[in-house]
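These notes are about the structure you will find just below.
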Amino acid sequence: MAEAAPERRAEVVLDATEVRSPDGRTILHPITLTLTEHRIGIIGPNGSGKSTLARLVNGLVEPSSGRVLVDGVDVARRGAAVRRRVGFCFTDPAAQVVMPTCVEDVELSLRKRIKDRVRRREAALQILERFGLGDRAEVSVHVLSGGQRQLLALAGVLATDPDLVIADEPTTLLDLRNTRLVADTLFSLDQQLILLTHDLELARRCERVLLVEDGRIAFDGPAEAAVAQYEATV
Amino acid sequence: MSLPARATWAVRLPVGAKVLTLLALSITTVALRGVPAAVTLTVLTLALALVARVPGRMLLRTLRGVVLFAVVVAALQWWWTGPERAIESLLDLTTLALLGVLLTATTPVGDMLEAFVRWAGPLRHLGIDPERVGLVISMAIQSIPATITLARETRDAARSRGLAGSPRALLTPFVIRVVARAHETGAALQARGIGD
């Protein structure tokens, strides 16, 4: 995939960030790292702390100690400001698509930025067009295929115009064709991408891959080496 | 829930005017006694639905849902108070259902949402965000089909384990999944910066 010319990115800094559960169990041991690459992959077994790590970056999870900064802005202090710059795409689109029709769902994301209804609809239709859903605008979200629904969820996230997109296993529920479609769409974005995935083919397309195991970063480096180490541990 | 493709003049009417008209018609339906009045209102509402070009399929679906219920009510009424009240309540319930579908079929959810947000404007002085009121209403509507899907999945799961008759095997996972879905949806909304 050819990357689009003007790359957008943010600098994500974790500074001795630690997450403990309310009952005192450690979910993430203190992590210090800086993420600036355009395509970052996060791999690792179920329950290793990948999702927690990703949710720290947009404030859905708050650190028990340490700090998370996005371009120098503290996520714990100014979560709303950070979330305007960081889009988040979940595994199950059913939970994040909240309006009855496709165009209405995208409009929901545009509500804050575009007050005029006619212009908002135009913008929403343009975004749907970009994601190959132009002809599905007035269609109920319940009749979309799994792949289309995930693309719609992504369209809803991109409509908020973020600089960074975090995708938490966005292809786990999809078949091969839809996995390729969603992945190609993600990798064609101008936005910086942090991709959590069990699909090692997708991880290989990233510049830098973190391997998370037992709440720790077990490896941090080039994709090929990260995948090799992960496969060696299974 | 999606809007019929053949949008008409009825769709372009202001939401407030439609809601008030339907409110007035509903109150009239309930307030006026007697079979002739009930017949007149049912015919009037049906005529309105046809003029507004509400798709026949949608009308039938609504009628099928309400008529079953209305017939049971009417049968009881017949037994208690006689045929006149029975026919009246059957027609009244049908009229009310038709009025409901008339509004939903001619009003995109987005328009409805805007109207609620506008009407909730004065609540701002009480510290309530009108935008959030509108969002809550629209999400309540949207959560119905999703919840039905969850119920069906839970029932199928229970059935495939041979637990179809056990209320606990049905209800416990269903409630947990609905609450879990609500949490996920909340996280997704927060991630989209909605409600910040």
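Every number here is computed from the coordinates shown, using simple stated rules; none is lab data. These figures come from a predicted structure and were not determined experimentally. Neighbour counts run over all protein chains shown; Cβ positions are idealised from the backbone, glycine included.
Karplus couplings for the range B:156-170 from phi (6.51 cos²θ - 1.76 cosθ + 1.60, θ = phi - 60°), rounded to Hz, Gly and Pro as x?
5, 4, 5, 4, 5, 9, x, 10, 4, x, 8, x, 5, 5, 8
Check cross-link reach from A:LYS115 to the aspartates and glutamates: straight Cα distance under 13 Å, and skip same-chain residues fewer than eight apart.
A:GLU107, B:GLU114, B:GLU131
Report, as an integer, the average count of C-beta atoms from other chains found within 10 Å of each Cβ along A:149-159. Each step should come with its number before you reach the end.
On the way: counts 0, 0, 0, 0, 2, 0, 0, 4, 4, 0, 1.
Average per residue, whole number: 1.
Over the Cα atoms of the range B:1-77, what is the Rg over Rh ratio if Rh follows Kirkwood? Could you put the intermediate results ahead of the total?
Details: Rg = 14.3 Å, Rh = 14.3 Å.
Rg/Rh: 1.00.
Springs between alpha-carbon pairs under 10 angstrom, Gaussian network model over chain A: which of A:LEU176, A:LEU196, A:LEU152 fluctuates most?
Looking only at A:LEU176, A:LEU196, A:LEU152, the largest GNM fluctuation is found for A:LEU176.
Quick one: Cα centre-to-centre distance for the range A:164-234 and the range B:93-114, in angstrom?
Centre-to-centre distance over Cα atoms comes out at 46 Å.
Pull up the DSSP beta bridges for the protein assembly as shown and report the antiparallel fraction as a percent, rounded to 5. Spell out each step's value before the answer.
Values: 19 of 36 bridges.
Just about 55 percent of them are antiparallel.
Picking from B:ALA52, B:ALA140, B:ALA86, which is most flexible by a Gaussian network model of chain B using Cα springs under 10 Å?
B:ALA140
Please compute the net charge surrounding A:LEU69, taking Lys and Arg as +1 and Asp and Glu as -1 over other residues with Cβ under 11 Å from its Cβ.
On the way: positive: A:ARG67, A:ARG77, A:ARG78; negative: A:GLU11, A:ASP15, A:ASP71, A:ASP74.
Surrounding charge for A:LEU69 is -1.
Taking every pair of alpha-carbon atoms in the protein assembly as shown, give the share separated by more than 29 Å as a whole percent.
Working: 51759 of 92235 pairs.
Percentage above 29 Å: 56.
Take every DSSP beta bridge whose two residues both sit in the range A:59-199, then give the antiparallel share in percent to the nearest 5.
On the way: 3 of 12 bridges.
That works out to approximately 25 percent antiparallel.
What GluC sites (Glu not before Pro) does the range B:74-148 have in DSSP loop regions with at most 16 other beta carbons within 10 Å? Could you put the intermediate results ahead of the total?
Details: sites: B:GLU84, B:GLU88, B:GLU114, B:GLU131; in loops: none.
Within the range B:74-148, no GluC sites (Glu not before Pro) qualify (loop, at most 16 other Cβ atoms within 10 Å).
What does the helix-only formula give at 222 nm for the protein assembly as shown: each DSSP H stretch with n ≥ 4 adding -39500 (n - 2.57), the total divided by the residues, and the result rounded to the nearest 500 deg cm²/dmol? Mind dumping the intermediate values first?
Numbers: 17 runs with 238 residues, N = 430.
After summing the helix terms and dividing by residue count, I get -18000 deg cm²/dmol.
Report relative contact order for the range B:102-193 in percent, whole number only (criteria: Cα-Cα under 8 Å, sequence separation at least 6). All intermediate terms of the calculation are to be shown ahead of the outcome.
Values: 36 pairs, mean separation 15.9, N = 92.
Worked out over the range B:102-193, it gives 17 percent.
Under the definition of Cα pairs under 8 Å and six or more residues apart, what whole-number percent is the relative contact order of the range A:143-234?
Answer for the range A:143-234 is 21 percent.
Tell me the trypsin sites (Lys or Arg not before Pro) within the range B:148-195 that lie in a loop according to DSSP and have at most 12 other beta-carbon atoms within 10 Å. Before the final figure, lay out the partial values.
On the way: sites: B:ARG152, B:ARG155, B:ARG159, B:ARG161, B:ARG168, B:ARG177, B:ARG181, B:ARG192; in loops: B:ARG161, B:ARG192.
Answer by residue number: B:ARG161.
Residues with amide H under 5 Å of A:PHE219's amide H, sequence separation 5 or more or different chain, H placed in the peptide plane at 1.01 Å from N; which?
Long-range HN contacts for A:PHE219: A:LEU211.
Which whole number gives the average count of other chain Cβ atoms within 10 Å of the Cβ atoms across peptide A:89-95? Let's see the in-between values first.
On the way: counts 2, 5, 1, 3, 1, 7, 11.
Counting other chains' Cβ atoms within 10 Å and averaging over A:89-95 gives 4.
Order A:41-49, A:159-167 from most to least packed using the mean count of other Cβ atoms within 10 Å. Mind showing how you got there, number by number?
Numbers: A:41-49: 20.3, A:159-167: 22.9.
Packing proxy ranking, top to bottom: A:159-167, A:41-49.
How high is the relative contact order of chain A, in percent, with contacts defined as C-alpha pairs under 8 Å that are six or more residues apart?
Working: 469 pairs, mean separation 67.3, N = 234.
Result for chain A is 29 percent.
Starting at the first residue of the range B:42-59, write each ³J(HN,Hα) from the Karplus equation 6.51 cos²θ - 1.76 cosθ + 1.60 with θ = phi - 60°, in whole Hz, x for Gly and Pro.
With coefficients 6.51, -1.76 and 1.60, one gets 5, 5, 4, 5, 4, 4, 4, 4, 5, 4, 7, 6, 5, x, x, 4, 5, 4 Hz.
Residue by residue through the range A:71-86, what is 3J(HN,Hα) from phi via Karplus (6.51 cos²θ - 1.76 cosθ + 1.60, θ = phi - 60°)? Round to whole Hz and write x for glycine and proline.
These are the phi-based 3J(HN,Hα) values: 6, x, 8, 6, 5, 5, 8, 10, x, 4, 5, 5, 5, 5, 9, 10 Hz.
May I ask you to list the trypsin sites (Lys or Arg not before Pro) in the range A:23-79 that are in a DSSP loop and have at most 13 other Cβ atoms within 10 Å of their Cβ?
Values: sites: A:ARG25, A:ARG39, A:LYS50, A:ARG55, A:ARG67, A:ARG77, A:ARG78; in loops: A:ARG25, A:ARG77, A:ARG78.
Sparse-neighbourhood loop trypsin sites (Lys or Arg not before Pro): A:ARG25, A:ARG77, A:ARG78.
When the Cα centres of the range B:26-87 and the range A:68-91 are compared, how far apart do they sit, in Å?
The distance from the Cα centre of the range B:26-87 to that of the range A:68-91 comes to 54 Å.
When all C-alpha to C-alpha distances in the range A:41-188 are sorted into bins of 5 Å, what percent of pairs does each bin hold, rounded to whole numbers?
Answer for the range A:41-188: a P(r) of 2, 10, 18, 20, 20, 14, 10, 5, 1, 0 percent.
Classify the range B:79-176: rounded, prolate or oblate, from the alpha-carbon gyration tensor (a ≥ b ≥ c, eigenvalue square roots; a/c under 1.5 rounded; otherwise prolate if a/b is larger than b/c)? Present the calculation step by step, with values, prior to reporting the outcome.
On the way: a/c = 2.51, a/b = 1.14, b/c = 2.20.
Oblate, because a/c is 1.5 or more while a/b does not exceed b/c.
For B:ALA180, what is the net charge nearby, where nearby means another residue's Cβ is under 15 Å from its Cβ and Lys, Arg count +1, Asp, Glu -1?
On the way: positive: B:ARG177, B:ARG181; negative: A:ASP92, B:GLU153, B:GLU184.
With Lys, Arg at +1 and Asp, Glu at -1, the net is -1.
Where Lys and Arg each count +1 and Asp and Glu each count -1, what net charge lies around A:ALA155 among other residues with Cβ under 13 Å from its Cβ? Before the final figure, lay out each step's value.
Details: positive: A:ARG130, A:ARG136, A:ARG149, B:ARG192; negative: A:GLU104, A:ASP105, A:GLU107, A:GLU129, A:ASP161.
Local charge sum for A:ALA155: -1.
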